[in-house]
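Data first, discussion second: the structure below is written as structure tokens.
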Amino acid sequence: MKTDLSPSNGFNTARLPGLLKAAGTQHPEHVIRVLRNTYALLAMTLLFSAGVAVATLTFELPAPGLIVTLVGYFGLLFAVYKLQNSAWALPAVFALTGFMGYTLGPLLSQTLAMANGAQTVTLALAATGVTFLSLSAYVLVTRRDFSFMGSFLFAGMVIALIAGVAAILLEIPSLALVVSAMVALLSAGLILFETSNIVNGGETNYVMATVSLYVSVFNLFTSLLSLFGLGGSNE
């Protein structure tokens, strides 16, 4: 993938090299290029996903269900992996992020129907943004290597997935709360891990880097939404 996705307006990633140098880091040019394209594509996919979520919310479309969600998510994720070096990579990325935006719509609808629902969504969104920017900035400035966390994070997400499915099927609210907290922490760790992977040259494909960061941000937001929503439901 050699396409440069740097936009001329809006999310101005062209300033990234200057910001990195101003922070005292000495990132190689190819790393800066991957970072620039990754953040540009990440911004576009987040906006697209948010648009789909709003459309789903506006038209009150039904939730896809557990089976459709799992099949759609892992199927599209596999498609992105297989197409990462082809011209179909970007359409696959937007298909995946659009589908995830669709699954987000019913969750937003449920949250907004609660007391202080709008405040809950705003708080979760703000906390997600601050967490992502803070963790990313830390890695970009320090260039610390978090590759040692890979196995632990992967194992943790597998456990969280199994526990999450069990919480839904068995209808155990307390387990769902534990899973949300666990996923939030793991997602924060994955943001550190993925950003470190790019900065230290472990990830050179901006498509896969974007998808990894997008999934982490998405999971962080939905987990915080569930946690804050639970607190709001008790008021």
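The values are calculated or read from the model by the stated rules, or taken from the named source; none is laboratory data. Keep in mind that this is a model prediction, so the values were computed, not measured. Please note: Cβ atoms are built from the backbone with ideal geometry, for glycine as well, and neighbour counts cover all protein chains shown.
Answer yes or no as to whether Ile168 is surrounded by 14 or more Cβ atoms within 10 Å (Cβ to Cβ), more than 18 Å from Ser216 (Cα to Cα), among the β-branched types (Val, Ile, Thr) and out of contact with any Asp or Glu (no Cβ under 9 Å at 6 or more places or on another chain).
The answer is no for Ile168.
Does at least one position in the range 217-230 carry a residue that is within 18 Å of the chain's Cα centre (by Cα), modelled with pLDDT of 90 or more and within 18 Å of Asn37 (Cβ to Cβ)?
Within the range 217-230 (the criterion being within 18 Å of the chain's Cα centre (by Cα), modelled with pLDDT of 90 or more and within 18 Å of Asn37 (Cβ to Cβ)), the answer is yes, since at least one residue qualifies.
From the list Val165, Val141, which one is touching a residue at least 60 places away in the same chain (Cβ under 8 Å), part of a helix (DSSP H, G or I) and more than 17 Å from Leu35 (Cα to Cα)? Before you say what the answer is, go through the steps one by one.
Working: Val141 fails: more than 17 Å from Leu35 (Cα to Cα).
Just one listed residue meets the conditions, Val165.
Considering only the range 170-203, state which residues are closer than 17 Å to Phe146 by Cβ and among the polar types (S, T, N, Q).
Ser187, Thr195, Ser196, Asn197, Asn200
Just to verify a result, which residue in the range 176-235, among those that are surrounded by fewer than 23 Cβ atoms within 10 Å (Cβ to Cβ) and of a type in the set (Phe, Trp, Tyr), is nearest to Phe94 (Cα to Cα)?
The extreme case among them is Tyr214.
In this structure, is Leu41 assigned to a helix (DSSP H, G or I), surrounded by 19 or more Cβ atoms within 10 Å (Cβ to Cβ) and at pLDDT below 90? Write out each step before concluding.
On the way: assigned to a helix (DSSP H, G or I): yes; surrounded by 19 or more Cβ atoms within 10 Å (Cβ to Cβ): yes; at pLDDT below 90: no.
No, not satisfied.
Do the conditions hold for Ala127, that is, is it in contact (Cβ under 8 Å) with a residue 60 or more places away in the chain, touching a helix residue (DSSP H, G or I) at 6+ places or on another chain (Cβ under 6 Å) and surrounded by fewer than 18 Cβ atoms within 10 Å (Cβ to Cβ)?
Working: in contact (Cβ under 8 Å) with a residue 60 or more places away in the chain: yes; touching a helix residue (DSSP H, G or I) at 6+ places or on another chain (Cβ under 6 Å): yes; surrounded by fewer than 18 Cβ atoms within 10 Å (Cβ to Cβ): yes.
Judged against the criteria, Ala127 is a match.
For the range 46-69, state whether one or more residues are in contact (Cβ under 8 Å) with a residue 60 or more places away in the chain, touching an Asp or Glu at 6+ places or on another chain (Cβ under 8 Å) and either surrounded by 19 or more Cβ atoms within 10 Å (Cβ to Cβ) or outside any helix (DSSP H, G or I) (or both).
no
Answer yes or no as to whether Ala115 is touching a residue at least 40 places away in the same chain (Cβ under 8 Å) and surrounded by fewer than 17 Cβ atoms within 10 Å (Cβ to Cβ).
Details: touching a residue at least 40 places away in the same chain (Cβ under 8 Å): yes; surrounded by fewer than 17 Cβ atoms within 10 Å (Cβ to Cβ): yes.
When the stated conditions are applied, Ala115 passes them.
Among the residues of the range 70-111 satisfying the criterion of being polar (S, T, N, Q) and in a helix (DSSP H, G or I), which is modelled with the highest pLDDT? Before the answer, list the steps.
If we filter the range 70-111 for residues that are polar (S, T, N, Q), which is where we start, we get 84-86, 97, 103, 109-111.
Still in the list and also in a helix (DSSP H, G or I): 97, 103, 109-111.
On the way: Thr97: 97, Thr103: 93, Ser109: 89, Gln110: 89, Thr111: 89.
Result: Thr97.
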